[in-house]
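Below is one structure. I have some questions about it.
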Amino acid sequence: MPSVCCYFQVHQPLRLRHYTFFDIGREHTYENEEENRAVLQQVAQKCYLPAAYILLEQIRHHGGRFKVAFSISGIALEQFARHQPAVLKLFQDLAATGCVEFLNETYHHSLAFLFSEAEFHRQVDLHRQAIESYFKQTPTVFRNTELIFNNDVARVVEKMGFAAILAEGADPILGWRSPNHVYRPQGCRNLRLLLKNYRLSDAIAFRFNDPTAPDHPLTGARFADRIHQIHGVGDVINLFMDFETFGEHHTAETGIFDFMKDFPAAILRHPDFSFATPSEAARIHAPVARLDVPQFISWADVERDLSAWVGNDMQKDAIQAVYALENKILRLGQPALIQSWRNLQTSDHFYYMCTKWFGDGDIHKYFNPFKSPYDAYINFMNIIADLTRQIDTPPAHAKPTRKIPAKPVRKVSVKPARKSAPKARPPAPRKRVAATARKRR
């Protein structure tokens, strides 16, 4: 019996305030709280509240036969608790139905796996604690930030005790194979791999309101017919997308909410089809083969690689600067500084520095607080300069804690950060010029 597995990503970054060279050493607030509150309010009214309520209504209407999954970043949960408690309450109501699974990810929606396995473990643990606290579930399925995946990610995640992991069903890794099966990642003994069917997922996420799409206007019945055609040639159809698809990316006027209401019943009209959460799909369907993914893939942009975050020198310089602070900032043991440092790891900050302004330009501009990638880079590096100064000149009353070991994991061609000798005097903070950024060829 084929399973339809729906997973939705929920994430809102803490966008940075305009931070100039002259703010260094004077202003230690980095986030634009007013803008973050305004964006959250907009998306909550257009998407989170109406879309979550429709899901809750459909689960109850179908007596538990309709099931979905969410991965909500830790910083999004923080903002819900602070500014939109009604949204958080709706997600908790969904959890209480027993038909909604919450997945584990990095708390700060970071790229930690690429640069520090120790920090990756810490953030995954922080997120697990948040899911247990808010939703009374202990996650058994993992999804890495932006579905970043390769064999190494799979092996580490399996050692952490997860039963399954999600990834993009990219053509280069699948070849002639279908994404509509469960796979075993290369090098793993028990971990199961669920792959996004990007053609079907993107028909909703990106082409729902496209008048040139062959199924336009897309209805629940038409989409269900496409899925029913997979009967006999697939075990699980994974529909992975941003939750903001419903009401924000495609507004209510497009008919997206009517689609949400019609889709579950249209799928269930076929007696052989059912809905399953990721953990259920991984348990029900046995892996059909091993899948070797030596290179990193993601679900971002048309390339589906890491170029959205480390594709140019600005991005590499910025992310190296963040992780170069790891040992120093953890050794200080000051919660406020550690929180600021982790907020700066959020992948969106590097996404805003991307210079691929062609087919993916509109995506990179989504709620982007900066006019250009160069402005984003200058702003970020000014903040790094201030954070570095705070670390190198801590308050007199601050007592350093024992050093927390960190084991960097270098899996991308990024110049490694220089480590300071444990007993050496910290270098004077480097001055950063924030007037302009030289555009790289």
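If I model a spin label as a point 7 Å beyond the Cα along the Cα-Cβ vector, how far apart are those points for Lys261 and Thr393 in nm?
Placing both labels 7 Å beyond Cα along the Cβ direction yields 6.1 nm.
Per the Kirkwood definition applied to all pairs of different Cα atoms, how many angstroms is the hydrodynamic radius of region 49-134?
After inverting the pairwise mean of 1/r, the radius is 13.8 Å.
What nm distance separates the two modelled labels at Ala336 and Asp125, each placed 7 Å from Cα along Cα→Cβ?
2.5
Give the relative contact order (percent, whole number) for the chain; include only Cα pairs under 8 Å separated by 6+ residues.
That works out to 22 percent.
Any idea what the dipole of the chain comes to, in debye rounded to 20, about its Cα centre with Lys/Arg Cβ at +1 and Asp/Glu Cβ at -1?
Dipole of the chain, to the nearest 20 debye: 2060 debye.
Just to confirm my numbers, what's the Cα centroid distance between region 1-53 and region 268-294 in Å?
Taking the Cα centre of each part, region 1-53 and region 268-294 sit 32 Å apart.
Residue separation times 0.36 nm, minus the C-alpha to C-alpha distance between Glu27 and Glu78: what's the value?
Result for the pair: 16.1 nm of gain on full extension.
Relative to the Cα centre, what is the charge dipole magnitude of region 9-158, using +1 at the beta carbon of each Lys and Arg, -1 at the beta carbon of each Asp and Glu, and rounding to the nearest 20 debye?
Roughly 540 debye for region 9-158.
Compute the length gained on full extension between Asp93 and Gln45: take 0.36 nm times their separation in residues and subtract their Cα-Cα distance, giving the result in nm to one decimal.
Contour length minus the Cα-Cα distance gives 15.5 nm.
For the chain, what does -39500 (n - 2.57) per DSSP helix run (n ≥ 4), summed and divided by total residues, give at 222 nm, in deg cm²/dmol to the nearest 500?
-11500 deg cm²/dmol
Next up: Springs between alpha-carbon pairs under 10 angstrom, Gaussian network model over the chain: which of Val141, Val288, Val310 fluctuates most?
Ranking Val141, Val288, Val310 by mean-square fluctuation puts Val288 first.
Continuing with this model, one more query. What residue among Val141, Ala376, Ala266 has its Cα farthest toward the positive end of the dipole of the chain, where the charges are +1 on Lys, Arg and -1 on Asp, Glu, each on the Cβ?
The one lying farthest along the dipole's positive direction is Ala376.
Based on alpha-carbon atoms only, what is the radius of gyration of the chain relative to the globular estimate 2.2 N^0.38 Å?
0.99
I want the local charge near Phe263. Using Cβ-Cβ distances under 15 Å, sum +1 for each Lys or Arg and -1 for each Asp or Glu among the other residues.
+1
Cut-off is 10 Å between beta-carbons; in what order do Phe370, Phe350 appear when sorted fewest neighbours first?
The fewest-first ordering by Cβ neighbours comes to Phe370, Phe350.
Given a Förster distance of 30 Å, report the FRET efficiency between Glu132 and Arg177 from their Cβ-Cβ distance, rounded to the nearest 0.05.
0.25
Can you give the translational diffusion coefficient of region 117-195 in µm²/s, computed by Stokes-Einstein from the Kirkwood radius over Cα pairs at 10 °C and 1.306 mPa s?
119
Note the full-extension length gain between Ile284 and Val233 as 0.36 nm times their separation in residues minus their Cα-Cα distance, in nm to one decimal.
Taking Ile284 through Val233 to full extension adds about 16.7 nm, to one decimal.
Grab the alpha carbons of region 138-238, take their convex hull, and tell me the volume per residue in Å³.
It is 133 Å³ per residue.
Read-outs throughout are calculated quantities, based only on the coordinates presented, and are distinct from any laboratory measurement. Every value quoted in this text rests on a predicted model; they were computed, and no experiment measured them. Counting neighbours? That spans all protein chains shown, and the Cβs are built from the backbone with ideal geometry, glycine included.
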